[in-house]
Each structure stands twice: as structure tokens, then as C-alpha cells.
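This report refers to the structure that appears directly beneath it.
The values are calculated or read from the model by the stated rules, or taken from the named source; none is laboratory data. From a predicted model like this one, the values you see are computed outputs, not experimental measurements. Every residue, glycine as well, gets a Cβ built from its backbone with ideal geometry; the counts of neighbours run over all protein chains shown.
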Amino acid sequence: MSAPLAAWRVFGIGSPFGEDRVGWAAARLLAAQFSLPGVCVEALDRPGVDLVARMQGARAVWLLDAVRSGAVPGALHRLDVARLTGTGSQVRSTHGFGVLDALALAQALGAMPGEVIVWGIEIGGAGRPRGSGRVLQRAIGRLAERVAQEIRARACA
Amino acid sequence: MSRPRRPQPARRGRRAMREISVKVPLLARVEGEGALALKVRDGVIETLQLRIFEPPRLFEKLLEGRSFEEVPDIVARICGICPVAYQMSACHAIEGILGLAPGPWVRRMRRLFYCGEWIESHSLHIHLLAAPDFLGYPNALEMAKAHPEIMRRGLALQGLGNDLIGLLGGRSVHPVGARIGGFYHAPEEAPVRALRERLEAATEDAKALVSWVASLPLPSTEQVFECVSLRHADEYPMNEGRIVSDQGLDLAPADFEAEFEERQASYSTALHCLHRGKPYLVGPLARLNLNFDRLPPSVAEHARASGIAFPSYNPFHSIMARAVEVHCAIVEAAALLDRYEVPAQPFAVPSPRPGVGFGCTEAPRGILWHRYELDSGGRVLRARIVPPTSQNQARIEEDLRTELAALGADSTDEALRLRAEAVIRNYDPCISCATHFLNLEVART
């Protein structure tokens, strides 16, 4: 996949299925509701190793993804990339090549952007309480707003 | 960059130890979950079983009752790495029933679609899964640190393959562009031109990849096995051809069941497919051994100059065959896009009719055979899918037996595990497709 040229890039990670779409939804909401000139915002369908090329040359990259950690659905997680990439990815499979593997490979190749911010929206497990769809929708809005704030803060710096 | 030391076989175990049991929790870098059980008595391998315990996925039953038009989208879900193969075998089988001939544009674009999948799948396997074994790295990340330029080239090739799939499939993972009769959408000329330029530039990368793989310290071994692949009258086989072998087999895909039989192994959820009761090899090495003369001349010439001769009966030359096929697919894809024109309609219109049809195409890992039976409304009555990994499973066991015996069955468990993993990875088994990591259990008495 040819890499975008923008210095700041936001990638919604996910697939068309169920709540795996929350990263896409947040990226699309960000692009639709906030004026962010010069910022590349895209929804990526399970990019696997392509994420390395998509991040290449960027000053800062935001990755928005669905997360299951046991927290309440709709909780937002701002994840520490240094800790994420130190948790033991060994690229075990090309079928299950996830964001963690892509970040570890980019780091091994010396291809990490200056800054990578990973945001996760907690989607919860199979036994989610009723009404969690609305909760997730609100979380998507909150995440888009937070990312827009972070981008604007860098633009003003 | 200094090369790390290759893993050395550890000292032989002490014969006085009558029984040892070892469990290795995970075999990395194969697709799926499985285990290898090894029984060694007095230094001789007594039992060797590649156990696949991934639950059956029941795709064939899931297809029953579905319209023929739904089949390409359903089978694309079987595998994220080789969805094109599943779609193409299904399309050919069903079009055979419907008496549908989609014409030359669709035929060319299906070959292009397949080129994309070979480039993507082979590049991933060479760089992320297999090469670290031969260079003595524990994983692809460590290899990437030592050989970043090699890994970047591999990822660029893989990305090019993905983009070719996306051109026709709408997306590279589980593409949705293929339909019975052709494609839902014909690409515009601008993205085709851009990809044509990238293919031209990638030809040199593919040649460099072939030369680099030929320089790897591949184990030296020669084994006896039957190679089975498609063979086409005048092209390197992808979508069409007769099923042939180096032992005289030559049959139409419709006759597959007369020669090949799937058997249940009590220790595996994947069926073992045998040819007249014996293991056989499918995949890039079998294809190249049987079809070297069908390579584009520039690809054959570069492969010859690399110093590895085909046919080869060294299973470890599979990685070389993959590299040659990446080169082949890039040259073919560029040629296919040279003549590109946007068609009036990118598909032939199907109408349902009952019957039985067969499709056999060359997935990256080997021949993928499909059989469908449709009713008069075009609904699937029965489906049967024989993936390459189930065809290679008995051959992998045979190879393991040979290689571990050559290494010395009384080698340490760690040495046995390392060699066993390298042997298995060499086949790029997709256990997900066949029904996924290896637990190694060694019992010594």
C-alpha cells in the first residue's frame, strides 16, 4: 500500500464487523466534524504489515482501535506505545498480524514515526449490558474530540 | 552486518535415560494451532504425529442452501492470506455447472488477481516466517533489526501484491470484488497505470529477492516424493490446467476424487489427503518442478543463473520456488496490465441450473480443489473443499520423519524442536484453512 504523505496521520483500525468498527467510526467522525487541514484521516481494514508503510515518514500517528481489557464498555484508553511494543510480539503468524506486531516491526526496522498515540475504545465482552451501543456511540464522539484536541495542540505548538 | 550463529544441534541425550517427556508450548510462525507428538525408542523415531486440534470450521455445511451467487463471498472468509484462491476455485466450479464462459477480459483479470495473491502470500512467508530459520534468528523482528533493507523490500513486495488484490477485490483482506461470471467493478485506467509503473519498478526487487534467497544457507537434503500441480498448455498454472504429477498422473479436475482420498487421522481435525494411499507434495516447489518450462523466459533465465536447479527434491528449496514465483507473478501482472482496457461490463450474467461442477486452481500453498452440487434454483446442495494444507499434511509428517532421523532422534529436545519447526514452516501450512502453533511432546523409552 502506498504510504500517505501527511506529517500527521490518524488511522481508524478495524473491520466491517460488529464493534470492531468503533475505530473506523471515530476516524470518520473526526474527519467529518473537525477541520484538520493537512491531516490524513483514514479507516484501515485489518492492515496487518501494511500499517508499517502507512506510518512511515509521519511526524505523529494516532491509531484508534477497539479494545477489550475488562473495563466498562465505552471507557477510553490512551495506551503507552513503549510499553505496548515491549510486551513480547514475535510475529507469530501472518494471519493474526495485529497493531502490536506492526508497531514492533516498525520499531525493529527503525521506521517508527516521531510519535505514535494509540487510543482504544473499550467494547466489552460477550455479556455486555443493554444499551452499550449508545454508550459506545458517545465514546466514539468523545474520542474524536480528544484526538482533534491533541492534533490542534500540536499545530499550535 | 555480522551473521548470528546458526543454531547447533545440542549434545546427544544420554542413553541411560529411558524416558523423557518434553512439552514446548508454542510453534511460532505457522498459521494455526497444532502439536507435534514424537515417540522415540532407543534413538529411533517410533511415532510421529502432526496433531491439528483447531476446531473444524464447517464451511462446507455452511454453504448448503445458499445461492450460488453467495459462494465467492463466503469462501473468501476461509482465509485472510489466500482468499483469491478460494474465490477462483469456487467461480470456476460453479461456472462449469452454469455453462458460463466469462470471456478473455475476465480471464486476464482473474490471472492478475491471482498474481497479487501469490506476491502477497509468498513475500510474507519468505520474510516473516521462513527466512529467520535459515539465518538463525529466533523471529522476524530480530531478522528485521539485522537486515532492515531486506525486510523493507519484502514488505514493499507484499504491499504491491495486496494492492493488486485490492484493485479488483475492493480490499485485500477477504476481497469482495469477485462474483460468478467475473467482477462487480472494472478498475479505472488511472489506478491501473499507477500499478503498472510500480510493477515495472518491482521487477528489479523481485530479481534481487531470488538472488538473495539463493544465497541463504539452506539445509542440503534430498528426499523422494511425488509432486502434484496443475499444468497448462502454454502458461505457468494459476487458474486453469490439468492435474499432473512427476509420476505420470494426468487428469482433469473433475476426476480428482478417483485418484485422491481424504482420510480422517484420529489425532487431527484436518483430513489427510493421499494419492493412491501415499503422501504427495503440492505448492510452489511442486509447481516449479513440473512447470519450469512455463515460466516467462526472463524469469526462467534469472532462476537458472541463481545456481539452484529445478526440478529439486530438497524440500527446503520451497523458499526458492516462492521467490521465483514472486518474480513470475510480477512479470505476468505487468504484461496483463499492458493490454488493459475498461470493458463495457466486467462480468458475464449467470443464470441458475442444476448440476455438479469442479474447480481446481493453484493457491499459493498448492492446488485447491472444490466440488459443488447445485439445484435448479442455483442453491448449493453439497460442497466439498480440499485445501492444500490437508494435501501436504502427510508429506510434512514424512519429511519430519526423514529430517529428524537424519539429525539424530536422540538429539536434545530443543534441537529436535528447532528442526521440526523449520521443516513444518517450510511448507507454509495454513492450519486455519485446513480446519493453528506447535506443542512438541517427546516421549523417549
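Could you say whether any residue in the stretch B:120-141 is in a helix (DSSP H, G or I), within 17 Å of B:I180 (Cα to Cα) and either of a type in the set (K, R) or within 13 Å of chain A (Cβ to nearest Cβ) (or both)?
Among the residues of the stretch B:120-141, not one is in a helix (DSSP H, G or I), within 17 Å of B:I180 (Cα to Cα) and either of a type in the set (K, R) or within 13 Å of chain A (Cβ to nearest Cβ) (or both), which makes the answer no.
Looking only at the stretch B:45-61, decide whether some residue is in a helix (DSSP H, G or I) and among the hydrophobic types (A, V, I, L, M, F, W, C).
There is at least one residue in the stretch B:45-61 that is in a helix (DSSP H, G or I) and among the hydrophobic types (A, V, I, L, M, F, W, C).
Going by the structure shown, is B:S211 modelled with pLDDT under 95 and either over 17 Å from B:H275 (Cα atoms) or under 18 Å from the mean Cα position of the chain (by Cα) (or both)?
The answer is no for B:S211.
Pairs, please: C-beta under 8 Å, at least 6 apart or cross-chain, first residue more than 11 Å from chain A (Cβ to nearest Cβ) and in the stretch B:74-92, second of a type in the set (D, E) and surrounded by 24 or more Cβ atoms within 10 Å (Cβ to Cβ)?
If the second residue must be of a type in the set (D, E) and surrounded by 24 or more Cβ atoms within 10 Å (Cβ to Cβ), the pairs left are B:P83/B:E117; B:V84/B:E117; B:A85/B:E117; B:A85/B:E362.
Name the residue that is surrounded by the most Cβ atoms within 10 Å (Cβ to Cβ), counting only residues in the stretch B:209-222 that are in contact with a helix residue (DSSP H, G or I) (Cβ under 7 Å, 6 or more places away or on another chain) and not β-branched (V, I, T).
Among residues in the stretch B:209-222 that are in contact with a helix residue (DSSP H, G or I) (Cβ under 7 Å, 6 or more places away or on another chain) and not β-branched (V, I, T), the one surrounded by the most Cβ atoms within 10 Å (Cβ to Cβ) is B:L209.
Looking at the stretch B:193-204, which of its residues are within 23 Å of the chain's Cα centre (by Cα) and within 14 Å of chain A (Cβ to nearest Cβ)?
Scanning the stretch B:193-204 gives B:L199, B:A202.
Report, by residue number, each residue of the stretch A:21-49 that is assigned to a helix (DSSP H, G or I) and more than 18 Å from A:L103 (Cα to Cα).
Within the stretch A:21-49, A:R21, A:V22, A:W24, A:A25, A:A26, A:A27, A:R28, A:L29, A:L30, A:A31, A:A32, A:Q33 meet the criteria.
Being within 14 Å of chain B (Cβ to nearest Cβ), part of a helix (DSSP H, G or I) and in contact with a helix residue (DSSP H, G or I) (Cβ under 7 Å, 6 or more places away or on another chain) is the requirement here; does A:V52 meet it?
So A:V52 fits the description; yes.
Here is a check on your reading of the model: is A:F17 aromatic (F, W, Y), buried (at least 17 other Cβ atoms within 10 Å of the Cβ) and at pLDDT below 90?
no
Being more than 9 Å from every other protein chain (Cβ to nearest Cβ) and either more than 20 Å from B:C82 (Cβ to Cβ) or surrounded by fewer than 23 Cβ atoms within 10 Å (Cβ to Cβ) (or both) narrows it down to one residue among B:A190, B:A156; which is it?
B:A190
Any chance you could count how many residues in the stretch B:254-285 are under 18 Å from the mean Cα position of the chain (by Cα) and buried (at least 20 other Cβ atoms within 10 Å of the Cβ)?
Looking only at that region, the number is 10.
Provide a single number: the residues in the stretch B:159-187 that are outside any helix (DSSP H, G or I) and facing another protein chain (nearest Cβ under 10 Å).
Of the residues in the stretch B:159-187, 6 are outside any helix (DSSP H, G or I) and facing another protein chain (nearest Cβ under 10 Å).
Can you pull out every residue in the stretch B:142-152 that is more than 7 Å from chain A (Cβ to nearest Cβ) and touching a Lys or Arg at 6+ places or on another chain (Cβ under 9 Å)?
Result: B:A146, single match.
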